[in-house]
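The structure appears below as structure tokens.
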Amino acid sequence: MNKEAYMIGLWSGILCVLIVGIFMKQKLRSLKEYDERQKIVQGTGYKLGFFTMMFACMAYGSATLVWDVPVLPMVGTIACAFLGVGVFAVYCIWNDAYFGIKGMRNKVRWLMIAGACVVLNIISALRIYAEGEFIEDGVIGVGAMNLLVILLFLAILSAILVKTCLVRQQTADESELD
Amino acid sequence: MKNLRLKSARAALDMSQQQLADAVGVSRQTMNAIEKGDYNPTIKLCRSICRVLGKTLDELFWEEEETVAEP
């Protein structure tokens with residue numbers, strides 16, 4: 001795999017998202033308002049995600065010091081960051097602070113975007129695996145990034161599904177009590 | 001502690017949690033948490049709720065003092 005081309009593509013994508021985000025900031029803000037309770041929950045979520053990422057980075061760094069970890073440093077670092085992001089997302093979903101005040105409308109749009117993201121990354125991951133670029137020189141290379149994205153989104157989607165089922169069950173139980 | 005007075009006031013106006021939440025600009029889950037006593041709203045939110053339900057702060061949010069038996 002041409003690593004320079006991969007990095008240029010990756011950072012170009014990040015830059016595009018940032019630029020689009022800056023231009024659409026006003027529109028995005030109106031669609032994704034959070035109330036005071038949700039902001040408090042998100043604050044706690046950020047803290048948990050941050051410390052999870054810190055601990056994961058320390059664990060990864062310690063492991064590379066002691067053992068010969070067959071993972072590219074960039075992939076290991078990104079995995080630690082994704083772990084922190086996942087903890088934040090799951091905590092907020094569990095405490096109804098992920099989708100904002102306009103919950104249902106945001107949830108549908110998010111699920112569509114997440115679904116498209118997972119599908120595109122699965123296609124890319126399969127291509128990388130088929131071309132034998134997943135492991136290079138005995139080390140898990142940048143080809144694993146797509147897998148990390150898939151795992152992150154699947155974890156978040158699972159949390160949404162479990163929470164939705166739980167809420168439905170609670171609503172049904174409360175209706176029976178009434 | 002559950003806020004039954006809030007729930008009663010809302011029911012008296014035949015409003016659902018979602019309708020009250022929309023009226024004061026919060027999510028339904030936040031309104032549910034306030035009624036269940038899991039979240040203490042800010043004074044600003046309390047005032048918004050009182051305005052929508054036509055009640056005072058004392059009527060909806062002031063904790064009733066426990067009566068102490070005199071010796």
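Key figures for this structure:
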quantity	calculated
The protein assembly as shown, dipole about Cα centre (Lys/Arg Cβ +1, Asp/Glu Cβ -1), debye to the nearest 20	980 debye
Residue pairs, from the table A:LYS3/A:LYS47; A:LYS3/A:LYS107; A:LYS25/A:LYS163; A:LYS3/A:LYS102; A:LYS25/B:LYS36, whose Cα atoms sit over 31 Å apart	A:LYS3/A:LYS47; A:LYS3/A:LYS107; A:LYS3/A:LYS102; A:LYS25/B:LYS36
Surface per residue (accessible, 1.4 Å probe) for segment A:1-101, Å²	66 Å²
Under Karplus coefficients 6.51, -1.76 and 1.60, residue-wise ³J(HN,Hα) of segment A:113-125 in Hz, glycine/proline x	5, 5, x, 5, 5, 5, 4, 4, 6, 5, 4, 5, 5
Accessible surface of segment A:11-124, 1.4 Å probe, proportion on carbon and sulfur as whole %	77 percent
³J(HN,Hα), Karplus 6.51/-1.76/1.60, whole Hz, each residue of segment A:42-56, x for Gly, Pro	5, x, 5, x, 4, 5, 4, x, 4, 5, 5, 5, 4, 5, 5
With all protein chains modelled, accessible area of A:TYR6 [1.4 Å, Å²]	50 Å²
Debye intensity ratio I(q)/I(0), log10, segment A:14-118, q values 0.15, 0.22 Å⁻¹ (C-alpha model)	-0.81, -1.23
Residue with peak Gaussian network fluctuation, chain B [Cα springs, cutoff 10 Å], from B:LYS36, B:LYS55, B:LYS44	B:LYS44
Kirkwood Rh and Cα Rg combined as Rg over Rh, evaluated for segment A:49-178	1.09
Dimensionless Rg over Rh [the protein assembly as shown; C-alpha; Kirkwood]	1.10
Cα radius of gyration and Dmax for segment B:12-63 (Å)	10.1, 26
Buried solvent-accessible surface, both chains (B, A), 1.4 Å probe, Å² to nearest 100	800 Å²
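The values are calculated or read from the model by the stated rules, or taken from the named source; none is laboratory data. All of these numbers come straight from a predicted model, not from anything done at the bench. Don't worry about glycine lacking a Cβ; one is built from the backbone with ideal geometry, like all the others, and counts go over all protein chains shown. SASA here: full protein model, heavy atoms, side chains in, ligands and nucleic acids out. Shrake-Rupley method; radii C 1.70, N 1.55, O 1.52, S 1.80 Å.
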